[in-house]
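The values are calculated or read from the model by the stated rules, or taken from the named source; none is laboratory data. Everything quoted here is computed from the prediction, not taken from an experiment. Positions of Cβ are generated from backbone atoms using ideal geometry, with glycine treated the same way; all protein chains shown enter the neighbour counts. Protein only, heavy atoms only, side chains kept; ligands, DNA and RNA dropped before computing areas. Shrake-Rupley method; radii C 1.70, N 1.55, O 1.52, S 1.80 Å.
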Amino acid sequence: MTQNPTVYLYNTKADCCNEYYYYDYSACIGSTSSNSGSSYYADWSGDNTCKNIGKAPSYMVQNPTMWLYDTLARCCAAHYVWKSNECLGTTTSALSGLYYPDWSGDNESCLNHGNEPAYMTQYSTLWMHATLQSCCDEHYSWNLSRCLGSSASAGSNKWYTEDWNENKCVQDCTGASPCGGLAETWDKVYNTQDKCCESSDSDRMWWDTKECKA
């Protein structure tokens, strides 16, 4: 080793442990620090879950941006996504009422009937949502109106272009004119019909404003 120091010798014990004993770093480094405070860290040498008891290994304390987290959820998501519920201390009953994407159905929406697949409850931080809006935003943003269903029936009452061929701005609502149905997520909306019809967008500069408002 002394004959080839660039390969085998290190300036610090931490560097040596990181190179040859990364699989059991804590045992190699042989020390902990109480300076991790209330930050969460992965306790691989203990209960194999995230903790915030102030005893993170020194290498974690020395590199907090990589190893220390301000919330339990972030620590579990980074190191224990494969057993997320156990890490978070979440039971199956605690997930009751949460929304999940109904991939197996044909309604392109989120449900909260409690029939989610096992993998979704196992990785609840990825799949389960407290509100229908959050679930639809995450998993059905391309068809938000359909996902939200009756929850979106009122619309925003703002204005958007329903049919570019007719050069008309309609209102984001359901019912009689000027409602044009619910706007899609890709539609640009305006607070008033005037703003919609008089937009300076290059593709509307040639519009007849009177026809737009008819």
Original post:
Can you tell which of Trp164, Trp159 is at pLDDT 70 or above and on the phi < 0 side of the Ramachandran plot?
Top reply: Trp159
Original post:
For region 7-26, does any single residue satisfy the condition of being open to solvent by less than 50 Å² (accessible area, probe 1.4 Å), modelled with pLDDT of 75 or more and part of a loop (DSSP other than H, G, I, E, B)?
Top reply: no
Original post:
Can you name every residue in region 172-186 that is open to solvent by 40 Å² or more (accessible area, probe 1.4 Å) and either out of contact with any Cys (no Cβ under 9 Å at 6 or more places or on another chain) or not in a loop (DSSP other than H, G, I, E, B) (or both)?
Top reply: Thr174, Gly175, Ala176, Ser177, Glu184, Thr185, Trp186
Original post:
Restricting attention to region 176-194, which residues are of a type outside the set (A, V, I, L, M, F, W, C) and within 33 Å of the chain's Cα centre (by Cα)?
Top reply: Gly180, Gly181, Glu184, Thr185, Asp187, Lys188, Tyr190, Asn191, Thr192
Original post:
Does at least one position in region 206-214 carry a residue that is within 30 Å of Trp103 (Cβ to Cβ) and either aromatic (Phe, Trp, Tyr) or modelled with pLDDT under 80 (or both)?
Top reply: no
Original post:
Considering only region 96-106, how many residues are within 18 Å of Ser141 (Cα to Cα) and without any contact (Cβ under 8 Å) to a residue 24 or more places away in the chain?
Top reply: 5
**OP:** Quickly run through region 120-137 and pick out the residues that are in a loop (DSSP other than H, G, I, E, B) and under 17 Å from Ser84 (Cβ atoms).
**Re:** Tyr123, Met128, Ala130
Subject >> Where a residue in region 155-167 is closer than 13 Å to Glu184 by Cα and open to solvent by less than 100 Å² (accessible area, probe 1.4 Å) and its partner, wherever it lies, is assigned to a loop (DSSP other than H, G, I, E, B) and modelled with pLDDT under 75, with Cβ under 7 Å and at least six apart >> reply: Gly155/Thr174
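A quick yes/no check of all residues on (1) of a type in the set (Val, Ile, Thr); (2) modelled with pLDDT under 80; (3) in contact with a Cys (Cβ under 8 Å, 6 or more places away or on another chain):
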residue	(1), (2), (3)
Lys55	no, no, no
Thr71	yes, no, no
Asn115	no, no, no
Ala118	no, yes, no
Gln122	no, yes, no
**OP:** Specify which of the listed residues (Ser151, Ser199) is surrounded by 12 or more Cβ atoms within 10 Å (Cβ to Cβ), in a helix (DSSP H, G or I) and modelled with pLDDT under 75.
**Re:** Ser151
Original post:
Given region 47-90, what helices (runs of 4 or more DSSP H) lie entirely inside it while holding 2 or more residues that are touching a helix residue (DSSP H, G or I) at 6+ places or on another chain (Cβ under 7 Å) and open to solvent by 40 Å² or more (accessible area, probe 1.4 Å)?
Top reply: 72-79
